[in-house]
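Comments concern the structure below.
The values are calculated or read from the model by the stated rules, or taken from the named source; none is laboratory data. Please read all numbers here as calculations on a predicted model, not as lab measurements. A quick note on method: Cβ atoms are made from the backbone with ideal geometry, for glycine too, and the neighbour counts reach across all protein chains shown.
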Amino acid sequence: MKLPLSDRLLACCALVAPGDRVADVGCDHGHLGIHLLQSGVARSVIEADINRGPLQSARNNAAKFGVKERMTFCLSDGVRSIPRDFDTLVCAGMGADTMISILSAAPWLRSSRYRLILQCQSKTPSLRRYLSDNGWYLRQERVLRDGRFLYTVMEVLWQPEAPSLTLGQTYYPPTICPSPEAESYYRWVREGLRIAVAHRPDGENQAALAELEEWYGKEYDQ
Ligand SMILES: C[S@@+](CC[C@H](N)C(=O)[O-])C[C@H]1O[C@@H](n2cnc3c(N)ncnc32)[C@H](O)[C@@H]1O
């Protein structure tokens, strides 16, 4: 039986370090955690979800794929009700507002003990702004294509001394790993800003667009 794992979740798994104890918050079906245990990458996995249905589905899938005994299942709003003995927190498939509320409710995560792997589905610039303003450093961000869509996956470290992101960098951070998908992402972000400026000329969009074009325009518009 083959585990149905999307390229998006595979990209999250690729940032997990061998031997990590992983907490997958918003686990839903549990596919990410199952893959991490099956492949021998993770030492242990906490599967957490705010809803009973998804958590039960994670339990059922874990049993089906023979890894249930190596997982801990927690009904939890964010990291509120999970054990704290993990290394890497994964949050995937959620919007920025949910991720920000999960991180804001857990000041204990602000420690070099923890690493975050975040795959944000919407309002990604506002998540980057929040992280940067609150002591988190975006160590790297990878862009991938899954079907018709471009996604990014961030590796985030607690590093309050790191310089803050500028406005333009919250739309396209300097630590995005160069790739053809990253170029497509740049163009997509820039197009979104151009449309926003055309419809609602607003100082912030205009300033972000000008910054992006100045820094990356020459590189990506050959
Ligand atoms: C769209 S699914 C994503 C599932 C999986 N992580 C993925 O990327 O394919 C979002 C999941 O997050 C859960 N969720 C939403 N808000 C949450 C919160 N505050 N704490 C924990 N889980 C949450 C939902 O119940 C749902 O199962």
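Which of the following residues is on the phi > 0 side of the Ramachandran plot, in the same structural domain as L131 (by TED's automatic domain parsing) and under 16 Å from the mean Cα position of the chain (by Cα): G93, G33, G40, G19? Show your work before the answer.
On the way: G33 fails: on the phi > 0 side of the Ramachandran plot; G40 fails: under 16 Å from the mean Cα position of the chain (by Cα); G19 fails: under 16 Å from the mean Cα position of the chain (by Cα).
Selected residue: G93, the only one of G93, G33, G40, G19 that is on the phi > 0 side of the Ramachandran plot, in the same structural domain as L131 (by TED's automatic domain parsing) and under 16 Å from the mean Cα position of the chain (by Cα).
Grab the helices (runs of 4 or more DSSP H) fully contained in the stretch 1-96, keeping just those with 3 or more residues being in contact (Cβ under 8 Å) with a residue 24 or more places away in the chain and within 19 Å of L157 (Cβ to Cβ). Give the derivation first.
Details: elements: 7-13, 31-38, 52-64.
Here the list reads 7-13.
Name the one entry in E161, E191 that is surrounded by fewer than 14 Cβ atoms within 10 Å (Cβ to Cβ), over 26 Å from L109 (Cβ atoms) and out of contact with any helix residue (DSSP H, G or I) (no Cβ under 9 Å at 6 or more places or on another chain). Don't jump to the end; show me each part of the working.
Working: E161 fails: over 26 Å from L109 (Cβ atoms).
When all the criteria are applied, what remains is E191.
Taking the conditions exactly as written (of a type in the set (S, T, N, Q), within 12 Å of the ligand (Cβ to nearest atom) and within 18 Å of L144 (Cβ to Cβ)), does S6 satisfy them or not? I'd like the intermediate steps shown before the answer.
On the way: of a type in the set (S, T, N, Q): yes; within 12 Å of the ligand (Cβ to nearest atom): yes; within 18 Å of L144 (Cβ to Cβ): yes.
The answer is yes for S6.
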> Using beta carbons and a limit of 6 Å, which pairs, at least six apart or on different chains, have the first residue in the stretch 168-191 and free of Cβ contacts under 8 Å to residues at least 60 places away in the same chain and at positive phi and the second one of a type in the set (F, W, Y) and assigned to a helix (DSSP H, G or I)?
Replying inline: none
>> List pairs: first residue in the stretch 129-146 and at pLDDT 95 or above, second residue basic (K, R) anywhere in the structure, Cβ distance under 7 angstrom, at least six positions apart or on different chains.
In response: G135/R110; L138/R128; L144/R8
>> List the helices (runs of 4 or more DSSP H) inside the stretch 122-222, counting only whole elements, that have at least 2 residues being outside the structural domain of I100 (by TED's automatic domain parsing).
In response: 167-171, 180-199, 203-220
>> Tally up the residues in the stretch 99-158 that are on the phi > 0 side of the Ramachandran plot and loosely packed, with under 14 Cβ neighbours inside 10 Å, please.
In response: 1
>> Here is a check on your reading of the model: is S101 within 16 Å of the ligand (Cβ to nearest atom) and of a type outside the set (A, V, I, L, M, F, W, C)?
In response: yes
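Within the group S76, S57, which residue is among the hydroxyl-bearing types (S, T, Y), within 24 Å of L127 (Cβ to Cβ) and within 15 Å of the ligand (Cβ to nearest atom)?
Just a single option satisfies the conditions, and that option is S76.
Would you mind stating whether F65 is more than 8 Å from the ligand (Cβ to nearest atom) and either β-branched (V, I, T) or touching a strand residue (DSSP E or B) at 6+ places or on another chain (Cβ under 9 Å) (or both)? Before you say what the answer is, go through the steps one by one.
Values: more than 8 Å from the ligand (Cβ to nearest atom): yes; either β-branched (V, I, T) or touching a strand residue (DSSP E or B) at 6+ places or on another chain (Cβ under 9 Å) (or both): no.
Against the criterion (more than 8 Å from the ligand (Cβ to nearest atom) and either β-branched (V, I, T) or touching a strand residue (DSSP E or B) at 6+ places or on another chain (Cβ under 9 Å) (or both)), F65 does not qualify.
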> Which one of these does A42 not meet: (1) crowded, with 21+ Cβ neighbours inside 10 Å; (2) within 14 Å of the ligand (Cβ to nearest atom)?
Replying inline: (2)
> Restricting attention to the stretch 194-222, and to residues there that are surrounded by 14 or more Cβ atoms within 10 Å (Cβ to Cβ) and acidic (D, E), which single residue is farthest from S126 (Cα to Cα)?
Replying inline: E213
> If you scan the stretch 58-76, which residues turn out to be out of contact with any Ser or Thr (no Cβ under 9 Å at 6 or more places or on another chain), under 28 Å from I100 (Cα atoms) and surrounded by fewer than 18 Cβ atoms within 10 Å (Cβ to Cβ)?
Replying inline: R59
